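K.L.:
Sharing a structure below in structure tokens format, with a few things to ask.
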């Protein structure tokens, strides 16, 4: 499980860095919140989860870890696409953003409960 978290974190690292380079080249920084969320909620949070699951292997083999992985990685892209579209002028995105954010939060709650029980 830890490898799965680190590998997907690396995908978010490349996506976030690519978006940052694109914004710098185009000098259009309207997607800065998307860039920041991809790097923090994607790269940093998932990489740290991977490290913690490596340190606490009993937590890695649970249904909560699996739920954490899927909720986080289904919620974050929906959240980011919705946020990007809203920042680009589509006013109908708040329900999409909310749905993605709630899925992401539920994944983080699974992570917190899982580690709390095993520390």
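K.L.:
Which condition breaks for residue 61 when tested against (1) in contact (Cβ under 8 Å) with a residue 24 or more places away in the chain; (2) under 21 Å from residue 16 (Cβ atoms); (3) surrounded by fewer than 15 Cβ atoms within 10 Å (Cβ to Cβ)?
P.N.:
(2)
K.L.:
Failed condition for residue 37, given (1) surrounded by 17 or more Cβ atoms within 10 Å (Cβ to Cβ); (2) part of a loop (DSSP other than H, G, I, E, B), with all others met?
P.N.:
Result: residue 37 fails condition (2) only.
K.L.:
State whether the residues of the range 72-93 include one that is surrounded by fewer than 14 Cβ atoms within 10 Å (Cβ to Cβ), in a helix (DSSP H, G or I) and either at pLDDT below 95 or under 18 Å from the mean Cα position of the chain (by Cα) (or both). Even if it seems obvious, please write down each step before you answer.
P.N.:
Going through the range 72-93, the residues surrounded by fewer than 14 Cβ atoms within 10 Å (Cβ to Cβ) turn out to be 88-92.
Okay, now just the ones that are also in a helix (DSSP H, G or I), so none.
So far as the range 72-93 goes, no, none of its residues is surrounded by fewer than 14 Cβ atoms within 10 Å (Cβ to Cβ), in a helix (DSSP H, G or I) and either at pLDDT below 95 or under 18 Å from the mean Cα position of the chain (by Cα) (or both).
K.L.:
Then there is this: Among the numbered conditions (1) crowded, with 17+ Cβ neighbours inside 10 Å; (2) within 25 Å of residue 10 (Cβ to Cβ), tell me where residue 105 comes up short.
P.N.:
(1)
K.L.:
State whether the residues of the range 8-18 include one that is at pLDDT 95 or above, farther than 22 Å from residue 79 by Cβ and over 11 Å from the mean Cα position of the chain (by Cα).
P.N.:
So far as the range 8-18 goes, no, none of its residues is at pLDDT 95 or above, farther than 22 Å from residue 79 by Cβ and over 11 Å from the mean Cα position of the chain (by Cα).
K.L.:
Can I ask one more? Give me the pairs, please: first residue somewhere in the range 1-19 and without any contact (Cβ under 8 Å) to a residue 12 or more places away in the chain and on the phi > 0 side of the Ramachandran plot, second residue anywhere and in a helix (DSSP H, G or I) and surrounded by 18 or more Cβ atoms within 10 Å (Cβ to Cβ), beta-carbon distance under 7 Å, and either six or more positions apart or on two chains.
P.N.:
none
The values are calculated or read from the model by the stated rules, or taken from the named source; none is laboratory data. The structure displayed is predicted, hence computed values, not measured ones. Don't worry about glycine lacking a Cβ; one is built from the backbone with ideal geometry, like all the others, and counts go over all protein chains shown.
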